[in-house]
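Remarks on the structure that follows.
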Amino acid sequence: MFNFLKKKTMFGPMRQMLADHLEQIGEKRKSIPEDVFDVTVFSIEEILSVFESMDILMQKGDYAGCIRLSRSILENSINLQYIYKEDVEKRAKNFKLAALNGLAKKFESLDDYTPEAKEMYGFFQEKLKEYEPEKRIRDKFKAVNSAAMYVRSYKRLSEHVHPTYRSHRLDYSENRPYIEELKRTVRADTCLITLIALERVCTKYDLDGGVMMIDDLGYKGTVLFATNPKKMEPIGKP
């Protein structure tokens, strides 16, 4: 369990870490409430999919594409951290209901409101009686003590997702502070925030977890991260 993964691609170890945790969660399915299980698996699969896409872009040296995708990793990771912070089952259920609420609003905008649509809309409204509007992502960052990351990373990445005018394209081969900060966000911060989310899951349901090293841009030394610190105790003991 404590094997350190060799980096064949930029995000290969992170992808393997996520796949391992999905397998561990699957083994614990019977002991995890349904809504919590569904949301946890969904979030981790979403993050894994983005890392897979970013790996392809990195092989082409496409930092601009990675920057646009990496915001999704931050958002999914913070959502998971927020759910696992407290009231886990309630928050997981509400997260699922948020998607149902979005679908119900689409029915409200139908031009042809058929009897079938009315019946379906009524079904949605019954299910949504327990729904509470989800907090804004900024408030979720704050709730999990990551307000600084929201300002430094999430807002900055949002500028690259939304159509913001720039007089010239960024050259990611340049060694400039802003460029280096963006690279660190893509190559290191995305991994760290994902590992923190995995730690919340592992400690809640006593999964074996895993250990990963982050030795990329912007950190003084190597970051060694265990997604279940309790499982690290045997390391180094006879």
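Among the numbered conditions (1) under 30 Å from residue 9 (Cβ atoms); (2) surrounded by 17 or more Cβ atoms within 10 Å (Cβ to Cβ); (3) of a type in the set (Val, Ile, Thr), the only one that residue 56 does not meet is (2). Every condition in (1) surrounded by fewer than 17 Cβ atoms within 10 Å (Cβ to Cβ); (2) part of a strand (DSSP E or B); (3) touching a residue at least 60 places away in the same chain (Cβ under 8 Å) is met by residue 170 except one, and the failing one is (2). Taking the condition surrounded by 17 or more Cβ atoms within 10 Å (Cβ to Cβ), closer than 14 Å to residue 198 by Cβ, aliphatic (A, V, I, L, M) and at pLDDT 95 or above, does residue 22 pass? Answer is no for this residue. Those helices (runs of 4 or more DSSP H) of the stretch 62-134 in which 2 or more residues are at pLDDT 95 or above, of a type in the set (Ser, Thr, Tyr) and surrounded by 18 or more Cβ atoms within 10 Å (Cβ to Cβ) occupy 63-85. Residue 117 - would you say it is farther than 26 Å from residue 45 by Cβ, without any contact (Cβ under 8 Å) to a residue 24 or more places away in the chain and touching a helix residue (DSSP H, G or I) at 6+ places or on another chain (Cβ under 8 Å)? When the stated conditions are applied, residue 117 passes them. For the stretch 11-36, a residue qualifies if it is closer than 25 Å to residue 93 by Cα and not in a helix (DSSP H, G or I), and the qualifying residues are 28, 32, 33.
The values are calculated or read from the model by the stated rules, or taken from the named source; none is laboratory data. Please read all numbers here as calculations on a predicted model, not as lab measurements. Here Cβ is always computed from backbone atoms with ideal geometry, including for glycine, and neighbour counts include all displayed protein chains.
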